């Protein structure tokens, strides 16, 4: 949250801290919440920041890259709600190195992350995707662990 807040503040120094903080809390957390939890979280934000509702900040360049990926590379219709999900995933990937995309079958999860990866490729940020079955190896083999001698042994993910 601090990374995003700092970036917002540097990009828009004229925005008040309350507006900036409310926008960061909303924009980072809302995509991660279930439909039921969104109403509760919105109520909490309204209690903390009464009367504030800053506009959602959209990365116009990334939006265009995502639109290109959807239409030209994937042959799909560029539905705005879907492109917003791609942008949300892209924003989360900037601050997290591990993200789970969850949802019901047929809810465009795979299409979303594939579109995000393709948009990053178009942007000039080559993205490599490797599917791993998390149950095929142990957690220590995946993440890394301290061995019996007390030294760190890197796992596949940390390597």
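Each reported figure results from applying straightforward, stated rules to the coordinates on display, with no laboratory input. As the structure is a prediction and not an experimental result, all values here were calculated from the model. Note that each Cβ is placed from the backbone with ideal geometry, even for glycine, and that neighbours are counted across all protein chains shown.
So, in region 58-75, exactly how many residues are surrounded by fewer than 18 Cβ atoms within 10 Å (Cβ to Cβ), under 26 Å from residue 33 (Cβ atoms) and in contact (Cβ under 8 Å) with a residue 24 or more places away in the chain?
So the count comes out to 2.
Give 68, 88 a once-over and let me know the one that is touching a helix residue (DSSP H, G or I) at 6+ places or on another chain (Cβ under 9 Å), in a helix (DSSP H, G or I) and closer than 20 Å to residue 3 by Cα.
On the way: 68 fails: closer than 20 Å to residue 3 by Cα.
Answer to the check: 88.
Which of the residues spanning region 80-114 are under 14 Å from residue 32 (Cα atoms) and surrounded by fewer than 16 Cβ atoms within 10 Å (Cβ to Cβ)? First the steps, then the outcome.
Step one: of region 80-114, the residues under 14 Å from residue 32 (Cα atoms) are 84-93, 95-96, 98-103, 109.
Listed by number, the residues that qualify are 84, 95, 96, 98, 99, 100, 101, 102, 103.
Can you tell me which condition residue 45 does not meet? The list is (1) assigned to a helix (DSSP H, G or I); (2) in contact (Cβ under 8 Å) with a residue 24 or more places away in the chain, and all the others hold.
(2)
For region 139-159, which positions are exposed (fewer than 11 other Cβ atoms within 10 Å of the Cβ) and in a loop (DSSP other than H, G, I, E, B)?
Listed by number, the residues that qualify are 147, 148, 149, 150, 151, 159.
Sort out which residues of region 14-41 are in contact (Cβ under 8 Å) with a residue 12 or more places away in the chain, over 17 Å from the mean Cα position of the chain (by Cα) and in a helix (DSSP H, G or I), and write them in order of number.
Once the filter is applied, which keeps residues that are in contact (Cβ under 8 Å) with a residue 12 or more places away in the chain, over 17 Å from the mean Cα position of the chain (by Cα) and in a helix (DSSP H, G or I), region 14-41 yields 18, 19, 20, 21, 22, 41.
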